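Asker: Take a look at the following structure, please.
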Amino acid sequence: MKQIIDRIAASFIGIIILLVLEGMATLGLAFKFEQYNFLGYAFQLMLLFITIWVSNKIYDSENN
């Protein structure tokens, strides 16, 4: 159970870092979701997937 919670926490930390970096890079424009089209949503989903995947890879490498 502890490993599941740690993995979820690692994913949340990765998402928070993504939000901070994306907000700084776009000066907050990334959070105006009403201006997104299909490609904007697709790109955000890809970034979210990559962030969670990398966070879990880092977690795995530290715990093996």
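Taken together, the values in this text are just the output of simple stated rules run on the coordinates, not laboratory data. Since this is a predicted model, take the numbers as computed values, not measurements. For neighbour counting, all protein chains shown are included, and Cβ atoms are generated from backbone atoms with ideal geometry for every residue, glycine included.
Asker: Test residue 4 against the stated conditions and say whether it is more than 13 Å from the chain's Cα centre (by Cα) and aliphatic (A, V, I, L, M). It would help to see each step written out before you state the result.
Answerer: Numbers: more than 13 Å from the chain's Cα centre (by Cα): yes; aliphatic (A, V, I, L, M): yes.
Answer is yes for this residue.
Asker: Shifting gears a bit: Please specify each residue of the range 22-42 satisfying the condition of being surrounded by fewer than 13 Cβ atoms within 10 Å (Cβ to Cβ) and in a helix (DSSP H, G or I).
Answerer: Listed by number, the residues that qualify are 24, 25, 26, 29, 31, 33, 34, 35, 38, 39, 41, 42.
Asker: Given the structure, is residue 56 out of contact with any Phe, Trp or Tyr (no Cβ under 9 Å at 6 or more places or on another chain) and without any contact (Cβ under 8 Å) to a residue 12 or more places away in the chain?
Answerer: no
Asker: Quick one: count up the residues across the range 7-47 that are of a type in the set (Ser, Thr, Tyr) and under 14 Å from the mean Cα position of the chain (by Cα). Quick ask: steps written out before the conclusion?
Answerer: Residues of the range 7-47 of a type in the set (Ser, Thr, Tyr): 11, 26, 36, 41.
If we keep only those that are under 14 Å from the mean Cα position of the chain (by Cα) too, we end up with 11, 41.
Qualifying residue count for the region: 2.
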